[in-house]
Amino acid sequence: MIISFLGYPRPDGSVGIRNHVLVLPGGLISTKICEFVNGSHTIISADTGLLRTKRDREIVARTLVGIGKNPNVAGLILHDISAASGYPELKPETLAHRIAETGKSVEVITSNQYPNACKVIERGIRVARQMVCDASSMRRQLVDDSHLAIGVKCGRSDATSGIAGNPVMGYLVDNVVDAGGIALFGETTEIIGAEHLLAKRAISEQVGQEIIKAALETEEKAKSCGEDIRTINPMPANISGGISTLEEKSLGAIAKAGTSPIQGVLKYAQPPAGKGLYFVDSWPGSLSILLGFEAAGATLTLYQLGGGGFLGDTILFPSPSGVAPLFWTTANRNTFQLAGESIDFFSGTVIEGKETIEQCGEKLCRLVREVASGSMCKAETIKYQDPVEIYRLDHPF
Amino acid sequence: LKSKHAVHLNRKDNVAVAVEDIEAKDLVNIVLTDGSTQSIKALETIPFGFKIALTDIPAAGYIIKYGEIIGKATSDIELGAQVHVHNVEGVRAQIEEKKGE
């Protein structure tokens, strides 16, 4: 085991790369607490589970629990304002109990113990201030690379993504997996046309079949809406970057998953049972999938940006980081020139013939250790966070 | 005439990807995966990141990139022409039929 980064060891043996105090669920109460208390953090989602199927409510609950359990969270406050709908799986006590299995500090604030919302906020501020103080006394320690846990996504993909950006990301994925860590990738729509290649890499025939099934089910679901998926994806932005078909997009996209064996197929926000590379059956939306990776335990998320239909600075791109920093890469020289202030790594040198995928990938691997040890991602320097979209499977009623 | 570059990603591919903007009549040098070089004349503009045909591809013929089928030609495509949504469509359904055989 290579001891190569400085992380926050947690009571359950996991290792965080950040040290957040989290207040959930997101909303007025959480926002006001976090505005008042330095070092506290919330995540805003419109998906509260209200009027959703049991299956979808469980996804919401699993996501909240997963975010709370994420090793980047030092301590957590759960309040019950948005649990007024009464669904049992969303009760703060239930969520708190599941999160507390990690041994981290979890406090539930029950609103009916206070005369009004302002008093709930007041209580939250007191608790959050103490949690932030406690978290600040925790120290980073040298740990081995098997504690790396990353989730990778690509977006606004163009030809540079398939040639260099995603293969370099794939090099990192293989590196993390070889070191005994965890790597997650997903975006089921964008394995359509390439799922047979992923299935060949599955550790068992069953896992391979699950990969194929995930792709076919997504395709069928799209057809059931009466719209051919190919009219939605590739997006116009991809087409303007030179990608002609969904198959072409998928074949470029899967390069970000490297060459390692695929251990299993996970549901959205489902933590993996072991180490290695996992496929997450999920929707590619930026505001959704990164949250799902974090809820499954990823402590760092990476976004490989193309440039087709590029709007300008990535500061304009969704910034949905919940509790894991978001690391931006691109292989498009034009994108890098436009948005370099917001992009953490440039891999276009591979296209320009200045570096091989291996040379560029090694640089990325080293930089990821720096970020894991506390160096900030560009996105972390901005005081803004988009709301997130929890991936749901069913119709609302 | 200027000489431009495009990359050939897999030995099975019948397209290459422009790594710089290519104008009509430009000579395009493509280093093939077997190490040899193919020089072709671009028939039209091939913007950075777009595909150029390395052979004549008949209508309904497969477009191969990354060594895999990415679509089929919706019209005859000439060597040196741009290969994109105007002359390619996805063939996903056909790939599924093949799998079922």
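Does any residue of region A:240-249 turn out to be surrounded by fewer than 24 Cβ atoms within 10 Å (Cβ to Cβ), within 14 Å of another protein chain (Cβ to nearest Cβ) and on the phi > 0 side of the Ramachandran plot?
no
Of everything in region A:327-363, what is buried (at least 23 other Cβ atoms within 10 Å of the Cβ), among the hydroxyl-bearing types (Ser, Thr, Tyr) and at pLDDT below 90? Give them in sequence order.
A:THR335
Which ones in region A:199-212 are open to solvent by 100 Å² or more (accessible area, probe 1.4 Å) and more than 13 Å from chain B (Cβ to nearest Cβ)? Walk me through how you get there before you give the answer.
First pass over region A:199-212, keeping only residues open to solvent by 100 Å² or more (accessible area, probe 1.4 Å): A:200, A:205-206, A:209.
Matches in region A:199-212: A:GLU205, A:GLN206.
Can you tell me how many residues in region B:24-41 are within 28 Å of A:PRO167 (Cα to Cα) and in a loop (DSSP other than H, G, I, E, B)?
Residues meeting the conditions: 5.
Test each condition in (1) surrounded by fewer than 23 Cβ atoms within 10 Å (Cβ to Cβ); (2) out of contact with any Pro (no Cβ under 6 Å at 6 or more places or on another chain); (3) closer than 22 Å to A:LYS267 by Cα; (4) modelled with pLDDT under 95 for A:ARG62 and report the one that comes out false.
(4)
Go through region B:61-87 and count every residue that is in a strand (DSSP E or B) and either open to solvent by 10 Å² or more (accessible area, probe 1.4 Å) or on the phi > 0 side of the Ramachandran plot (or both).
Summing the residues that are in a strand (DSSP E or B) and either open to solvent by 10 Å² or more (accessible area, probe 1.4 Å) or on the phi > 0 side of the Ramachandran plot (or both) in region B:61-87 gives 7.
Specify the residue that is most open to solvent (accessible area, probe 1.4 Å); the eligible residues are those in region A:379-397 that are without any contact (Cβ under 8 Å) to a residue 60 or more places away in the chain and in a helix (DSSP H, G or I).
Per the stated criteria, the residue is A:THR381.
Residues being open to solvent by less than 40 Å² (accessible area, probe 1.4 Å), among the hydrophobic types (A, V, I, L, M, F, W, C) and in a strand (DSSP E or B): count how many of those fall in region A:1-53.
Matching residues across region A:1-53 total 6.
Pairs needed: first member in region A:52-78, without any contact (Cβ under 8 Å) to a residue 40 or more places away in the chain; second member anywhere, crowded, with 24+ Cβ neighbours inside 10 Å; C-beta distance under 6 Å; at least 6 residues apart or different chains.
A:ARG57/A:GLY49
In this structure, is A:ALA273 open to solvent by 30 Å² or more (accessible area, probe 1.4 Å) and out of contact with any helix residue (DSSP H, G or I) (no Cβ under 8 Å at 6 or more places or on another chain)?
So A:ALA273 fits the description; yes.
The values are calculated or read from the model by the stated rules, or taken from the named source; none is laboratory data. Remember, it's a predicted structure, so these values are computed and weren't measured experimentally. Using ideal geometry, Cβ is built from the backbone for each residue, glycine included, and neighbour counts are taken over all protein chains shown. Only protein heavy atoms, including side chains, enter the accessible area calculation; ligands, DNA and RNA are left aside. Shrake-Rupley method; radii C 1.70, N 1.55, O 1.52, S 1.80 Å.
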